[in-house]
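Participant: Handing you this structure, nothing more for now.
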Amino acid sequence: MSSVVIRPFEDRDFEAVAGMFHETWGWELEGPESVKLDLAAYYVAGIVAKSTTLLVADVGGTAVGCAFLTEKTPREDRINRAAYMTVLKMKAHALSLDAHGRGMLAFYDKLEEVFDALVDRMQEHGKNWEVELNLLLTSCSCRGQGVGRRLVQAVAEHMCRHRQSWCMLRTDTHCDWRYYEKTGWQRAAEVCWQDDSNITAYAYRKALAQP
């Protein structure tokens, strides 16, 4: 693989990042391909709109990975958040026209509710953080080649520059949550979904950099 360059996210990267989301999770969803693609665009647009620092791993001019962060201290950037909120609303409307799409919208509404509960539990127990890792993705074509590791290293370097220490992320047993326990993240809270899905949501945190 050509050398990996970590750089800020640009609008032209949106399609590639949505494609990574689709190739990671789209295969396991029900419904037509168009609905799966709309879901990928919906989810990624929402993440971009709320993130304050957005990094991509670039190989040959193409984004092959991303790490999107929300920081408690907002930063100025070149992201047109209103444009991504427009994409979010458009894709939500498109998804609402299909039964499978409505099911996925309900799933993500529930996920947001459970993730809010994780934050409440962390705060109750004094588990603080300055940065949240909203999304960490790599292209399937680059798995096992250190792209994810380079992105996490870039996040740590960014935090060090801004005198931040603790990074937090939220995930669930529908995802590869064991990866974080194998790489030194500490489980800080958990919430079981109160339905028949048997999903448990976890919050993890890790001191990626020392101020």
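A short reminder: the numbers here are calculations on the coordinates, not readings from a lab. Bear in mind that the values here come from a model prediction, so they are computed numbers and not experimental data. As a convention, Cβ positions derive from the backbone with ideal geometry for all residues, glycine included, and neighbour counts pool all protein chains shown.
Participant: Taking 0.36 nm per intervening residue step and subtracting the Cα-Cα distance, what contour gain separates GLN153 from THR183 on full extension?
Facilitator: Separation in residues times 0.36 nm, less the Cα-Cα distance, equals 9.5 nm.
Participant: Would you please give the FRET efficiency between LYS110 and GLU10, computed as 1/(1 + (r/R0)^6) with r the Cβ-Cβ distance and R0 = 25 Å, to the nearest 0.05?
Facilitator: According to the calculation, E is roughly 0.20.
Participant: Let me ask another. How much net charge surrounds ARG7 when only other residues with a Cβ under 11 Å from its Cβ are counted (Lys, Arg +1; Asp, Glu -1)? Don't skip to the end; give the middle numbers.
Facilitator: Values: positive: none; negative: GLU10, ASP13, ASP58.
Combined, the nearby Lys, Arg, Asp and Glu give -3.
Participant: Can I ask one more? Taking the Cβ of ASP195 as the centre, find all other residues whose Cβ is under 14 Å away and add up their charges (Lys, Arg: +1; Asp, Glu: -1).
Facilitator: Neighbourhood net charge equals -3.
Participant: Enumerate the whole-percent occupancy of each 10 Å bin, from 0 to the last occupied one, for all C-alpha pair distances of the chain.
Facilitator: All Cα pairs considered, the percentages come to 8, 32, 40, 18, 2.
Participant: Could you tally up the Lys pairs in the chain with alpha carbons closer than 27 Å? Skip any pair fewer than 8 positions apart unless they're on separate chains.
Facilitator: The number of close lysine pairs in the chain is 22.
Participant: Between beta-carbons, use under 13 Å as the cut-off and find the net charge around GLU33, counting Lys and Arg +1, Asp and Glu -1.
Facilitator: -3
Participant: Which order do the peptides 161-169, 6-14 take when ranked by the mean count of other beta-carbon atoms within 10 Å per residue, highest first?
Facilitator: The packing order, highest mean first, is 161-169, 6-14.
Participant: Additional query: If we sort 146-154, 61-69 on the protection proxy, mean other Cβ atoms within 10 Å, highest first, what's the order?
Facilitator: 61-69, 146-154
Participant: Further, regarding this structure: Can you tell me how much longer the chain between THR70 and SER34 gets when fully stretched, taken as 0.36 nm per residue apart minus their C-alpha distance, in nm with one decimal?
Facilitator: 10.0 nm
Participant: If neighbour count is taken as other Cβ atoms inside 10 Å, put SER139, SER3 in order from fewest to most. Write out the running numbers ahead of the final one.
Facilitator: Working: SER139 21, SER3 7.
Ascending number of Cβ neighbours within 10 Å: SER3, SER139.
Participant: Just flag the GluC sites (Glu not before Pro) in the range 68-116 sitting in loop per DSSP whose Cβ has no more than 14 other Cβ atoms within 10 Å.
Facilitator: Here the GluC sites (Glu not before Pro) that fit, given the DSSP loop and packing criteria, are GLU76.
Participant: Given a Förster distance of 25 angstrom, what is the FRET efficiency for SER3 paired with SER141, based on the Cβ-Cβ distance and rounded to 0.05?
Facilitator: Here the calculated transfer efficiency is 0.95.
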